[in-house]
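Below: one structure, written as structure tokens.
The values are calculated or read from the model by the stated rules, or taken from the named source; none is laboratory data. What you see is a predicted model, and the numbers here were worked out from it, not measured in a lab. Glycine also receives a Cβ, built like all others from the backbone with ideal geometry; neighbour counts cover every protein chain displayed. Areas reflect the complete protein model, heavy atoms only, side chains present, ligands, DNA and RNA absent. Shrake-Rupley method; radii C 1.70, N 1.55, O 1.52, S 1.80 Å.
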Amino acid sequence: MKRPLHGVLAGIALATGLALAVSSCGFGSKNSADSDTTINFLAPTYSDGANGTKALWDRIIDDFQKQNPGYQVNLQMESWESINDVVKTKLQSESTTPDLLNIDAYASFAGDGMLYPVSEVVSPNVLSDVQPGFAKNASLNGTQYAMPLFASTRTLFYNTDLFEKAGVTTPPKTWAELTDAAKKIQALGGGVSGYGLPLGSEESQAETSLWTFGAGGNWSDGDKITVDTPQNLEGVKAMREIFDAGVTQPNPGATNRKDVINSFIQGKIGMIAGLPPTIAQIADKNPGLKYATAPTPTKDGTPVTLGVADHLMAFKKDGKKADTIKKFLDFFYSANVYSNFVKNEHFIPITSSATTVLADDPVTKAFASTLPVAKFYPSNNPKWAAVQGAMHQQMGTIAQGADPAQVLQRIQEAAK
């Protein structure tokens, strides 16, 4: 089952004294894993099946080892539900610390001096191939410490059949146009909603960010968390207004993202903010659905979206494996290898060369143009996890009568 990107884990405390069983396919024993030409790689499962994550990595590693005799990559796969605990356990000893790790949060490791700067483990031509915004998002104090694995952004998905029936001729660019189109679709009746507004506890910070970013807002200013700003308030008020207009699904405060996506796929919602995997979900569940994509509507039509990425990070340990890690990462990020990985996982490539290779891929067609206008959560800020948690609990209350300004003030309190 695919695990959508969330942008930041709740945080991985480097706690000691935690006793968990390490997978039998893991690494850490005193054998070839200690060789300078061997990489121990810990990665999560995004998808299952013959072309799922493990199968993809197995093929990549096999090809790498065939082309580089004497080099070895030991792969350990874990579910997203267990990988945090596995990482905590492994980091208690240098002998079990992975050389290469794939998760989303890297900042705490970089701040503790545990990671290589990527300039030491990736060639310059690979670094220059990465989308600048995503490279910056993988940096701490001006130094890039992680390589984005692939990207997820949001874009507007709209039902072209419902648009035609409602007399809406073009996708909305502004909030005013979005509300107008949603009203016309809502008026069709038959249980159809104009716009899907997921403010449930699963990931309400994502939908909210689309609106606050669309008003010119941000969640941080330097190292300061900035929730209750005028721009953010304008975005949340606009979100409240589209609910008050009666053009969303019932009870947005209890509706999660997966719910509005499923309703859209069933033809019951006219417009949603969709993700790259939404395309594959439509193809699987309702291939006959008539839909198209367009930039996310904003206050004045200026393009902006939410961007998130999971990362690859390399642990320094004794510093002897930098060349081996570089050899493997350069191989992985080569255009054909990397583009095949991203295509099968149904996300967005973060390199220009893979974007060219995947020019005809449906996900790349729909989402590649969103990368340059993506804005990010302040996931490098240690207070963000608490703020995000407060959003999960508080944001849905605006659809239950809560005052948007007071909601933002309560969320701001979580940053103290």
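Output the residues belonging to the stretch 80-91 that are of a type in the set (Gly, Ala, Ser) and either in a helix (DSSP H, G or I) or open to solvent by 50 Å² or more (accessible area, probe 1.4 Å) (or both).
Of the stretch 80-91, the ones of a type in the set (Gly, Ala, Ser) are 82.
Matches in the stretch 80-91: none.
Given 142, 200, 133, which one is at positive phi and not charged (D, E, K, R)? Steps first, answer last, please.
Numbers: 200 fails: at positive phi; 133 fails: at positive phi.
When all the criteria are applied, what remains is 142.
Considering the stretch 172-220 alone, what residues qualify as being outside any helix (DSSP H, G or I), surrounded by fewer than 20 Cβ atoms within 10 Å (Cβ to Cβ) and among the hydrophobic types (A, V, I, L, M, F, W, C)?
Within the stretch 172-220, 187, 188, 192 meet the criteria.
Pairs please, first residue from the stretch 97-114 and on the phi > 0 side of the Ramachandran plot, second anywhere and open to solvent by 10 Å² or more (accessible area, probe 1.4 Å), Cβ atoms under 8 Å, 6+ apart in sequence or on different chains.
113/316
What is the number of the single condition among (1) within 30 Å of residue 113 (Cα to Cα); (2) free of Cβ contacts under 8 Å to residues at least 12 places away in the same chain that residue 403 does not meet?
If we test residue 403 against (1) within 30 Å of residue 113 (Cα to Cα); (2) free of Cβ contacts under 8 Å to residues at least 12 places away in the same chain, just (1) comes out false.
Could you say which residue among 333, 291 is touching a residue at least 60 places away in the same chain (Cβ under 8 Å) and more than 28 Å from residue 395 (Cβ to Cβ)? Walk me through it before giving the result.
Working: 291 fails: more than 28 Å from residue 395 (Cβ to Cβ).
Answer to the check: 333.
Restricting attention to the stretch 120-128, does a residue exist that is surrounded by fewer than 21 Cβ atoms within 10 Å (Cβ to Cβ), touching an Asp or Glu at 6+ places or on another chain (Cβ under 8 Å), hydroxyl-bearing (Ser, Thr, Tyr) and closer than 20 Å to residue 324 by Cα?
yes
Which numbered condition in (1) within 25 Å of residue 45 (Cβ to Cβ); (2) out of contact with any strand residue (DSSP E or B) (no Cβ under 8 Å at 6 or more places or on another chain); (3) aliphatic (A, V, I, L, M) is the only one that residue 329 fails?
(2)
Which of the residues that make up the stretch 349-378 are buried (at least 22 other Cβ atoms within 10 Å of the Cβ), small (Gly, Ala, Ser) and outside any helix (DSSP H, G or I)?
374
Any residue at all in the stretch 92-99 that's among the acidic types (Asp, Glu), closer than 20 Å to residue 320 by Cβ and open to solvent by less than 40 Å² (accessible area, probe 1.4 Å)?
Initial filter on the stretch 92-99 (among the acidic types (Asp, Glu)): 94, 99.
Filter once more, keeping what is closer than 20 Å to residue 320 by Cβ: 94, 99.
Next, from what is left, pick out any that are open to solvent by less than 40 Å² (accessible area, probe 1.4 Å): 99.
Yes: the stretch 92-99 contains one or more residues that are among the acidic types (Asp, Glu), closer than 20 Å to residue 320 by Cβ and open to solvent by less than 40 Å² (accessible area, probe 1.4 Å).
Looking at the stretch 284-298, is at least one residue modelled with pLDDT of 95 or more and under 19 Å from residue 387 (Cβ atoms)?
Taking every residue of the stretch 284-298 in turn, none turns out to be modelled with pLDDT of 95 or more and under 19 Å from residue 387 (Cβ atoms).
Could you list, in sequence order, all residues of the stretch 240-258 that are out of contact with any Ser or Thr (no Cβ under 7 Å at 6 or more places or on another chain) and at negative phi?
As a first pass, look at the stretch 240-258 and keep what is out of contact with any Ser or Thr (no Cβ under 7 Å at 6 or more places or on another chain): 240-241, 243-244, 246, 250-252, 254-258.
Scanning the stretch 240-258 gives 240, 241, 243, 244, 250, 252, 254, 255, 256, 257, 258.
Does residue 235 qualify as being assigned to a loop (DSSP other than H, G, I, E, B) and at pLDDT 95 or above?
Details: assigned to a loop (DSSP other than H, G, I, E, B): no; at pLDDT 95 or above: yes.
No.
Results for (1) of a type in the set (Gly, Ala, Ser); (2) more than 18 Å from the chain's Cα centre (by Cα); (3) not in a helix (DSSP H, G or I), shown as yes or no for each residue.
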residue	(1), (2), (3)
62	no, yes, no
97	no, yes, yes
102	no, no, yes
134	no, no, no
152	yes, no, yes
158	no, yes, yes
161	no, yes, no
168	no, yes, yes
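Per-residue answers, yes or no, for (1) under 19 Å from the mean Cα position of the chain (by Cα); (2) not aliphatic (A, V, I, L, M):
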{"position": "281", "(1), (2)": "yes, yes"}
{"position": "297", "(1), (2)": "no, yes"}
{"position": "314", "(1), (2)": "no, no"}
{"position": "317", "(1), (2)": "no, yes"}
{"position": "353", "(1), (2)": "no, yes"}
{"position": "371", "(1), (2)": "yes, no"}
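What residue, of 231, 249, is without any contact (Cβ under 8 Å) to a residue 24 or more places away in the chain and farther than 24 Å from residue 348 by Cα?
Numbers: 249 fails: without any contact (Cβ under 8 Å) to a residue 24 or more places away in the chain.
Exactly one residue qualifies, and that residue is 231.
Restricting to the stretch 134-171, name every residue that is surrounded by fewer than 18 Cβ atoms within 10 Å (Cβ to Cβ) and over 28 Å from residue 118 (Cβ atoms).
Once the filter is applied, which keeps residues that are surrounded by fewer than 18 Cβ atoms within 10 Å (Cβ to Cβ) and over 28 Å from residue 118 (Cβ atoms), the stretch 134-171 yields 160, 161, 164, 165, 167, 169, 170.
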